[in-house]
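The values are calculated or read from the model by the stated rules, or taken from the named source; none is laboratory data. Here the structure is a predicted model, which means the values were calculated and not measured. With ideal geometry, Cβ positions are generated from the backbone for all residues, glycine too; neighbour counts draw on all protein chains shown. Keep in mind that these areas ignore ligands, DNA and RNA; they rest on the heavy atoms of the full protein, side chains included. Shrake-Rupley method; radii C 1.70, N 1.55, O 1.52, S 1.80 Å.
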Amino acid sequence: DAGVIQSPRHEVTEMGQEVTLRCKPISGHNSLFWYRQTMMRGLELLIYFNNNVPIDDSGMPEDRFSAKMPNASFSTLKIQPSEPRDSAVYFCASSPGIGELFFGEGSRLTVL
Amino acid sequence: ILNVEQSPQSLHVQEGDSTNFTCSFPSSNFYALHWYRWETAKSPEALFVMTLNGDEKKKGRISATLNTKEGYSYLYIKGSQPEDSATYLCAFYYGGATNKLIFGTGTLLAVQP
């Protein structure tokens, strides 16, 4: 199995631009998580899907952030418009229920 | 507010030393407690998933215990090696209205050869 696949691995953009991060979970996993890692706050949960349905998006910072999961094999996290304080590493993880999470390699976002 | 706290924040030990860290979590609505190992420039990898009070798990030189009634878990590393250097994260699986996994901020372990 290829594991959780995230793209892009690195993105540098200018303030105000739209950013789309993509995630392909492990086949058969029914839960998908988006986390953000920052120096100040560690690993924080942004949103969690179960069977493609958003269950908890209370961690999404503000309206500039949105996430979708149109099918079981694909999810996106979009930031529009992006700001410098959004710079972080964004991790996607999938899980077969309440068991361990399998993480992707992360997408490092830098907003200038 | 669901708070998962880990201590110490960082730890520097010599090769061969044994060490342990603590994870504190809410004792209500407990569902599971996870431990992850996170090496620099990689993504977190699961060490243990613990669900029962009194659980003890072991993988090689690393072991963990769980006390759900008082809301804590210990991770032990026996005879630390330089390759054990990483951040160790615990995560509390909250079984409330919506299941969610809340991570602590981690303990950064550096093992000097």
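Filtering region B:22-43 to residues that are in contact (Cβ under 8 Å) with a residue 12 or more places away in the chain and at the interface with another protein chain (Cβ under 9 Å from one of its Cβ atoms) leaves B:31, B:32, B:34, B:36, B:38.
Kindly indicate whether residue B:76 is in contact (Cβ under 8 Å) with a residue 12 or more places away in the chain, under 12 Å from the mean Cα position of the chain (by Cα) and surrounded by fewer than 18 Cβ atoms within 10 Å (Cβ to Cβ). Considered against the rule, which asks whether it is in contact (Cβ under 8 Å) with a residue 12 or more places away in the chain, under 12 Å from the mean Cα position of the chain (by Cα) and surrounded by fewer than 18 Cβ atoms within 10 Å (Cβ to Cβ), residue B:76 comes out as yes.
Being crowded, with 17+ Cβ neighbours inside 10 Å, farther than 22 Å from residue A:36 by Cβ and within 14 Å of chain A (Cβ to nearest Cβ) is true for just one of B:64, B:46. Which residue is that? Just a single option satisfies the conditions, and that option is B:64. Filtering A:87, A:82 for residues that are touching a residue at least 60 places away in the same chain (Cβ under 8 Å) and over 29 Å from residue B:32 (Cα atoms) leaves a single hit, A:82. The condition of being under 23 Å from residue B:95 (Cα atoms) and among the small types (Gly, Ala, Ser) holds for only one of A:73, A:27, A:94, A:87, that being A:94.
Residues in region A:99-112 that are in a strand (DSSP E or B) and buried (at least 20 other Cβ atoms within 10 Å of the Cβ): 5 in all. Region A:1-98 holds strands (runs of 3 or more DSSP E) entirely within its bounds, and those carrying 3 or more residues that are open to solvent by 60 Å² or more (accessible area, probe 1.4 Å) map to A:53-56, A:65-71. I'd like the full set of residues that are under 14 Å from the mean Cα position of the chain (by Cα) and farther than 25 Å from residue B:111 by Cα, limited to region B:34-65. B:50, B:51, B:55, listed by residue number. Given the criteria open to solvent by less than 20 Å² (accessible area, probe 1.4 Å), more than 8 Å from chain A (Cβ to nearest Cβ) and β-branched (Val, Ile, Thr), does residue B:19 qualify? In short, yes.
Taking the conditions (1) in a strand (DSSP E or B); (2) of a type outside the set (Gly, Ala, Ser); (3) within 15 Å of residue B:2 (Cα to Cα) in turn, residue B:20 satisfies each one other than (3).
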